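Visitor: Structure incoming, see below.
The values are calculated or read from the model by the stated rules, or taken from the named source; none is laboratory data. If you're wondering where the values come from, they're calculated on a predicted model, not measured in any experiment. Here the Cβ positions follow ideal geometry from the backbone for every residue, glycine too, while neighbour counts run over all protein chains shown.
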Amino acid sequence: GASSAGTSASLSFGDAHNARVGMIDGGIARRHAVFRNATLVTENVAGDGTSPPTAHGTAVASLLVGSDSDFSGCLPGAPLYAADVFGGKATGGGAIEIARALDWLAKSNVQTVNISLAGPANKLLELAVRRFLARGGVLVAAVGNEGPAAPAAFPASYSGVYGVTSVDSSRHLQFDANSSGVAFAALGVGVRAAKLDRGYSSVTGTSFAAPIVTARFALLLAGGARPDAALHALQSEAQPLPGARYGYLAPVYPAPVATR
């Protein structure tokens with residue numbers, strides 16, 4: 001497919017066939033070449049019928065499990081369980097849909113879930129998150145792109161959820177994010193990901209940083225690690241973020257970085 005500038009997502013962590021991973025997002029362009037060899041299990045929790053593909057859902061899915069002649073996501077070969085919380089509706093993506101998605105993923109025995117969505121606090125969402133975590137699940141969520149003055153973003157800011165902010169290839173923060181809920185920073189600036197129709201483009205945002213952390217958790221858990229041990233492993237192999245003003249470690253997952 002056509003390529004464009006951007007940091008190459010040659011992020012593969014190796015053989016991932018046992019690393020079942022979930023995502024809660026928009027619909028995926030399943031016919032894109034990047035998913036030719038992917039195992040995608042999809043569920044539209046926002047309504048009936050098919051899931052219209054979205055640019056955001058397609059990009060996030062490609063970073064998780066995509067694979068092409070000149071592109072590799074983090075977990076090529078891993079089965080992806082993708083819950084569409086929009087279903088093509090402008091009113092989708094709310095707490096009810098995310099709660100339904102978490103329940104579906106739990107029933108599908110998916111332990112690690114990527115949520116590249118951020119919004120206001122909501123009691124129903126909080127209860128659904130707690131229920132999923134209580135079953136031994138791991139939730140990784142983007143902290144949003146609104147910057148330090150923005151209110152805390154959810155579900156990233158809920159206790160037990162691992163919030164991810166984004167850095168560029170020089171490990172500079174995309175912005176000095178609201179530190180509420182930030183557990184990790186990862187590459188999320190100028191990342192190469194699948195486009196909605198065909199080919200690839202450069203994308204930027206915390207949405208595209210979260211899959212790197214999600215994938216690492218999924219691989220560790222597939223290898224038999226417990227969630228707390230997986231967290232410790234990620235923290236120990238990550239590198240401290242230079243100049244971060246957070247009162248805690250905000251490690252950068254050291255994904256292989258190559259420029260195209």
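Visitor: When you look at residue 70, is it out of contact with any Leu (no Cβ under 6 Å at 6 or more places or on another chain), under 18 Å from residue 22 (Cα atoms), among the acidic types (Asp, Glu) and in contact (Cβ under 8 Å) with a residue 24 or more places away in the chain, yes or no?
Guide: Considered against the rule, which asks whether it is out of contact with any Leu (no Cβ under 6 Å at 6 or more places or on another chain), under 18 Å from residue 22 (Cα atoms), among the acidic types (Asp, Glu) and in contact (Cβ under 8 Å) with a residue 24 or more places away in the chain, residue 70 comes out as no.
Visitor: Condition check: over 16 Å from residue 21 (Cβ atoms) and surrounded by fewer than 18 Cβ atoms within 10 Å (Cβ to Cβ). Does residue 170 satisfy that?
Guide: The answer is yes for residue 170.
Visitor: Right, something else. Only one residue in 75, 102, 63 is under 18 Å from residue 196 (Cβ atoms), of a type outside the set (Asp, Glu), surrounded by 21 or more Cβ atoms within 10 Å (Cβ to Cβ) and touching a residue at least 60 places away in the same chain (Cβ under 8 Å). Which one?
Guide: 63
Visitor: Of 83, 134, 59, which residue is out of contact with any Asp or Glu (no Cβ under 7 Å at 6 or more places or on another chain) and either β-branched (Val, Ile, Thr) or within 29 Å of residue 226 (Cβ to Cβ) (or both)?
Guide: So the residue among 83, 134, 59 that is out of contact with any Asp or Glu (no Cβ under 7 Å at 6 or more places or on another chain) and either β-branched (Val, Ile, Thr) or within 29 Å of residue 226 (Cβ to Cβ) (or both) is 134.
Visitor: Hey, another quick one. Is there a residue being under 15 Å from residue 211 (Cα atoms) and modelled with pLDDT of 95 or more anywhere in the stretch 8-21?
Guide: Yes, the stretch 8-21 contains at least one residue that is under 15 Å from residue 211 (Cα atoms) and modelled with pLDDT of 95 or more.
Visitor: Of all the helices (runs of 4 or more DSSP H) wholly in the stretch 53-144, which have at least 3 residues that are β-branched (Val, Ile, Thr)? Even if it seems obvious, please write down each step before you answer.
Guide: Values: elements: 55-65, 95-107, 123-134.
Helices (runs of 4 or more DSSP H) meeting the threshold: 55-65.
Visitor: Determine, yes or no, whether residue 109 is polar (S, T, N, Q), under 24 Å from residue 65 (Cβ atoms) and out of contact with any strand residue (DSSP E or B) (no Cβ under 8 Å at 6 or more places or on another chain).
Guide: Yes; evaluated as a whole, the condition is true for this residue.
Visitor: Exactly one condition in (1) in contact with a helix residue (DSSP H, G or I) (Cβ under 9 Å, 6 or more places away or on another chain); (2) farther than 26 Å from residue 160 by Cα is false for residue 90; which is it?
Guide: Every listed condition holds for residue 90 apart from (1).
Visitor: Among the residues of the stretch 228-245, count how many are touching a residue at least 24 places away in the same chain (Cβ under 8 Å), farther than 17 Å from residue 156 by Cβ and not small (Gly, Ala, Ser).
Guide: Adding up the residues that qualify gives 3.
Visitor: Tell me, which strands (runs of 3 or more DSSP E) wholly within the stretch 150-225 include 1 or more residues that are without any contact (Cβ under 8 Å) to a residue 60 or more places away in the chain and touching a Leu at 6+ places or on another chain (Cβ under 9 Å)?
Guide: Correct list: 162-167.
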